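Take a look at the structure set out below.
The values are calculated or read from the model by the stated rules, or taken from the named source; none is laboratory data. All values derive from a computational prediction rather than experimental measurement. As a convention, Cβ positions derive from the backbone with ideal geometry for all residues, glycine included, and neighbour counts pool all protein chains shown. Areas reflect the complete protein model, heavy atoms only, side chains present, ligands, DNA and RNA absent. Shrake-Rupley method; radii C 1.70, N 1.55, O 1.52, S 1.80 Å.
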Amino acid sequence: MGAQSFGRTLGPYLRLMRIDRPVGTLLLLWPTLAALWLAAQGVPPVGILAAFVVGTFLARSAGCVINDIADRNLDAHVARTRDRPLATGEVSLTGALVLLAILAVACLAIVLTLNGLAQTLALGGALVAAVYPFLKRWTHWPQAALGVAFSWGIPMAFAAVNGAVSGAAWLLFAASLVWIVAYDTIYAMVDRDDDLRVGIKSTAILFGRGDRLIVGALQLVVLALLLGLGAVLALAPAYYLAVAVIGGLFAYQQWLIRRREREPCFRAFGNNVWVGFALFAGTVVHGLGLGAP
């Protein structure tokens, strides 16, 4: 098989893993890295850092495969997802299941390098991630399950570094969960018309015309929780500057979604990569002592 032919064969599987769409990986990675830096009170051990970076990529890829397997009969009816490999038939169900098995074994190999508490937490996170894709059929709150799944690296990070999960870890977990519900509601606003037609549920549908107001309220809760985290851990002024930047980004997102148009809503969703980066940057500067008064 030539390189070009191999690329054509492999390409749909890489797209199934969302290699071409790194936004989801970054949204998962930044809060996890922030948790590692806070847990270690500085640069975390290299082995643990590598495990979480690689594990985040693998876990997100596996989650995408599970999601597309669950939605393989729905994606063709939604404008944003109709070109996904399972929906178009480029990848068979058997091929997707084999890829999922490979990713699951790779994730397990990574998890086994961590301590017992982190391993136990990883099992719980995997169960939530496996259930999440199916919740949109039963409840308007699949965004909450995604919030738990995407935030689960935070208690795992504290467990891996310290062998325990502190109250501060759960405070950061809560901030991340609420943030995810907010940005995934914006994401669901992109698909709302299609979702109503095919019977998929979401917070965007549940909130209706109150969507912008409720997203804004959730964003204010995130800021309050992040400020509380800073107070509990006595974080440096640089951290609070990062929280101020996050507040500015939230205001920008509100401006983008003001007319509830698809493309601006999608841009507002993607803007959350910078929210996560700002949080991570604030914790790094604090950990390095560069923001101390």
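Brief remarks follow.
- Residues that are aliphatic (A, V, I, L, M) and not in a helix (DSSP H, G or I) within segment 187-217 comprise just one, Ile200.
- Options Gly228, Gly163, Gly147: the member that is modelled with pLDDT of 95 or more, at positive phi and of a type outside the set (Ser, Thr, Tyr): Gly163
- Of all residues in segment 13-25, exactly one satisfies the criterion of being in a helix (DSSP H, G or I), open to solvent by 30 Å² or more (accessible area, probe 1.4 Å) and closer than 22 Å to Val148 by Cα, namely Val23.
- If the condition is being open to solvent by less than 30 Å² (accessible area, probe 1.4 Å), within 18 Å of Ala35 (Cα to Cα) and without any contact (Cβ under 8 Å) to a residue 40 or more places away in the chain, then segment 209-249 contributes Gly230, Val243, Ile246.
- Within segment 58-80, at least one residue is buried (at least 21 other Cβ atoms within 10 Å of the Cβ) and among the hydroxyl-bearing types (Ser, Thr, Tyr).
- Condition met for Trp138 (among the hydrophobic types (A, V, I, L, M, F, W, C) and surrounded by fewer than 23 Cβ atoms within 10 Å (Cβ to Cβ)): yes
- Residues that are under 21 Å from the mean Cα position of the chain (by Cα) and part of a loop (DSSP other than H, G, I, E, B) are absent from segment 96-106 altogether.
- Taken over segment 81-120, residues that are under 24 Å from Ala51 (Cβ atoms) and either buried (at least 18 other Cβ atoms within 10 Å of the Cβ) or modelled with pLDDT under 95 (or both) amount to 8.
- In segment 26-56, the residues that are within 20 Å of Val148 (Cα to Cα), open to solvent by 30 Å² or more (accessible area, probe 1.4 Å) and touching a Leu at 6+ places or on another chain (Cβ under 8 Å): Trp30, Val53
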